[in-house]
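I have placed the structure first, in the form of structure tokens, so that the comments after it can refer back to it.
The values are calculated or read from the model by the stated rules, or taken from the named source; none is laboratory data. The shown structure was predicted, so the numbers you read here are calculated from the model rather than taken from an experiment. Using ideal geometry, Cβ is built from the backbone for each residue, glycine included, and neighbour counts are taken over all protein chains shown.
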Amino acid sequence: MAEEKREFQAEVAKLLEIVVHSLYSNKEIFLRELVSNASDACDKLRYAAQTEPHLAEGDGEYKIRLTVDTAAGTLTIADNGIGMNRDDLVANLGTIAKSGTAEFMSRLSGDQSKDMALIGQFGVGFYSAFMVADKVRVVTRKAGEQHGWAWESDGKGSFTIAPAEGAARGASITLTMRDDAKEFLEAHRLTSIIKRYSDHIAIPVILAEGDGGGEGDKTINSASALWTRSKSDISTEQYKEFYHHVAHAFDEPFLTIHYKAEGAIEYTGLLFVPGSKPFDLFSPERKNHLKLYVKRVFITDQAEGLLPPYLRFLRGIVDSQDLPLNVSREMLQHNPVLAKIKTGLVKRVLSELKKKAEDDQAAYLTFWEEFGPVLKEGIYEDFERKAEILALSRFRSTATDGWTSLAEAVARMKDGQEALYFATGDSVESLKKSPQLEGFLAKGIEVLLLTDPIDEFWVPAVGEFEGKALKAVTEGGLDLGKIKGDDKADADRPAPADSGDLDLLIAGLKLSLGDAVKDVKASERLTSSAVCLVIEEGQMSMHLEKLLKAHRQ
Ligand code: ADP
Ligand code: MG
């Protein structure tokens, strides 16, 4: 087969354009990305060789080699991992298969630093090579296959693929450096970048010195998986780099949780709560992003049962001692060991969040603002943890400009008040102006202002907090008369209308409104507005009705 020329998918072409023209600030990360891919490729082969040992035959010592050719101005990053065949090359290095790509592209603003952070989350990955190289050539042979392939591109819209005889198993990526990126041909520069970003990679990264004879070879990273080291030997900086590696992130992790579970079930968890929302947090798959290892061998990053969807914002790894090494991804579906690990992870994460909420309220609220809407899904999805998650939840309320917990709202309840009241809507501002709230505000009775779509689901499902019913202000049967509100508000209240006049008015209104309303009633909930709409007790809330209509359901 001769050389074939192909166009990049439109999204890739656009991404490359941005990568080359605007991401100048942090070029050195190309090396982190390529080494990370090489390490992934070795992990994948190690996993595959568990069940098909012939795949790794003759070369079972995984490594990543960097070679500089000063005369040619090239840097080569070579691994002996799984490699790619022709179809893999077209799919992996010509398209972006990730879900949410189109939406992601539309969010790029043109502002370099913002886009950089976004792209970091999204993971430009391989394409970051074009930040430093005019030309990128990938020579690769897939484990278990006979023929090798060469992929080449200048990053300007198209690439070529041609057969490559004699290619070694794995992938070798050669970058012809741009004039302004020659610094990445210097050994000390490469060494310091690898130490900084890739020290935690479990596979040796070797810098080949001299002309590839192997004599001057030096392993430049620690080559032991970070999570296997003891906590006291790991610096904050190293944790952060590891987080950047597993999460494709650029930000500071909000929380780092590293622990070893011992006893009935043994595993190590190194988990991070990101500092800001990952781009696909609300994509419909609700997948978790933890990487599962068994005795330091990477198994999958698609272990569905490892974490409930309401903790999908977590990033990191879990390394199990108890699962068999040859566990297939299918076998993981209903695996009891995995289920136990999941229980342990949930317990640990919720208790760490609780600690944070107690120790550093202000920081906890920054977490809540990013991930609260996701965590709240757990209130009705995880029956056993419902109370715990409710206690971690924070709400807007008429009683404060900030956030409140339900416990604080209970403590503020008035004499005679039996329920916690809430209103649902699109924004705190519009809710505060709602006539539905007038009677409550006048009496100084607190109303929780719920503005996340998810609130429409958990509130009715849960119905109460510590024995106090949760009641919508829009429910018709509310009787505010029984609650002893603030005295001043009661005094300001206009004298009640003569009940005969009121009956007459109601009869007249019923007559003229006819079928448009179900009933007309006198109410205590209004002070300055004349009327408001309410729902029958037990009916769908008005806000939910609006949400569902908006989604045409
Ligand atoms: P990501 O690593 O997030 O999947 P990248 O853009 O870094 O995204 O890489 C795209 C894909 O190309 C990888 O998922 C992998 O399938 C493939 N790939 C990249 N580098 C290698 C390599 N050295 N060996 C084998 N496959 C690779
Ligand atoms: Mg990658």
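Data overview
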| read-out | value |
| --- | --- |
| Residue in the range 24-42 that is more than 16 Å from ligand 2 (Cβ to nearest atom) and closer than 26 Å to THR300 by Cβ present | no |
| PHE184 being more than 16 Å from ligand 2 (Cβ to nearest atom), under 35 Å from the mean Cα position of the chain (by Cα), assigned to a helix (DSSP H, G or I) and under 18 Å from GLU33 (Cα atoms) | yes |
| Qualifying residue in the range 536-550 (condition: of a type in the set (Gly, Ala, Ser), modelled with pLDDT of 65 or more, loosely packed, with under 11 Cβ neighbours inside 10 Å and at negative phi) | yes |
| Residues that are among the polar types (S, T, N, Q) and either within 13 Å of PHE371 (Cβ to Cβ) or part of a loop (DSSP other than H, G, I, E, B) (or both), drawn from the range 264-290 | SER276, SER283, ASN288 |
| Residue in the range 78-87 that is within 16 Å of LEU190 (Cβ to Cβ), within 32 Å of the chain's Cα centre (by Cα) and either surrounded by fewer than 23 Cβ atoms within 10 Å (Cβ to Cβ) or more than 9 Å from ligand 1 (Cβ to nearest atom) (or both) present | yes |
| Qualifying positions in the range 114-134 - more than 14 Å from ligand 2 (Cβ to nearest atom) and either at pLDDT below 70 or under 19 Å from GLY100 (Cα atoms) (or both) | LYS114, ASP115, MET116, ALA117, LEU118 |
| Failed item in (1) more than 10 Å from ligand 1 (Cβ to nearest atom); (2) within 25 Å of the chain's Cα centre (by Cα), with GLU61 passing the rest | (2) |
| Residues being within 12 Å of ligand 1 (Cβ to nearest atom) and in a loop (DSSP other than H, G, I, E, B) - total across the range 15-58 | 0 |
| Unmet requirement for LEU75, which otherwise passes all of (1) within 12 Å of ligand 1 (Cβ to nearest atom); (2) in contact with a Phe, Trp or Tyr (Cβ under 8 Å, 6 or more places away or on another chain); (3) part of a strand (DSSP E or B) | (1) |
| Extreme residue, modelled with the highest pLDDT, among residues of the range 92-106 that are in a helix (DSSP H, G or I) and surrounded by 13 or more Cβ atoms within 10 Å (Cβ to Cβ) | ASN92 |
| Yes/no for VAL346 being in contact with a Leu (Cβ under 8 Å, 6 or more places away or on another chain) and either over 24 Å from ASP40 (Cα atoms) or surrounded by fewer than 20 Cβ atoms within 10 Å (Cβ to Cβ) (or both) | yes |
| Verdict on ALA143 being touching a Phe, Trp or Tyr at 6+ places or on another chain (Cβ under 9 Å), away from ligand 2 (no atom under 16 Å from the Cβ), at pLDDT 95 or above and over 16 Å from ALA72 (Cβ atoms) | no |
| Any hit, the range 468-487, residues being assigned to a helix (DSSP H, G or I), modelled with pLDDT under 70 and under 26 Å from LYS386 (Cα atoms) | no |
| Any hit, the range 136-158, residues being in a helix (DSSP H, G or I), closer than 30 Å to LEU290 by Cα, in contact (Cβ under 8 Å) with a residue 12 or more places away in the chain and within 15 Å of ligand 1 (Cβ to nearest atom) | no |
| Pair list, Cβ < 6 Å and 6+ apart or interchain, from the range 31-56 residues that are within 30 Å of PHE130 (Cα to Cα) to residues that are within 12 Å of ligand 1 (Cβ to nearest atom) and of a type in the set (Gly, Ala, Ser) | GLU33/GLY125; GLU33/SER128; ALA41/GLY81; CYS42/GLY81; LEU45/GLY81; LEU45/ALA143 |
| Residue list for the range 149-173, filter: surrounded by fewer than 22 Cβ atoms within 10 Å (Cβ to Cβ) and touching a Pro at 6+ places or on another chain (Cβ under 9 Å) | ALA150 |
| Flag for LYS5 being under 28 Å from ILE194 (Cα atoms), away from ligand 2 (no atom under 16 Å from the Cβ), in contact with a strand residue (DSSP E or B) (Cβ under 9 Å, 6 or more places away or on another chain) and of a type in the set (Lys, Arg) | no |
| PHE457 within 25 Å of the chain's Cα centre (by Cα), among the hydrophobic types (A, V, I, L, M, F, W, C) and surrounded by fewer than 18 Cβ atoms within 10 Å (Cβ to Cβ) | yes |
| Residue list for the range 399-423, restricted to those being crowded, with 19+ Cβ neighbours inside 10 Å, over 14 Å from VAL462 (Cβ atoms), touching a helix residue (DSSP H, G or I) at 6+ places or on another chain (Cβ under 7 Å) and of a type outside the set (Gly, Ala, Ser) | TYR421 |
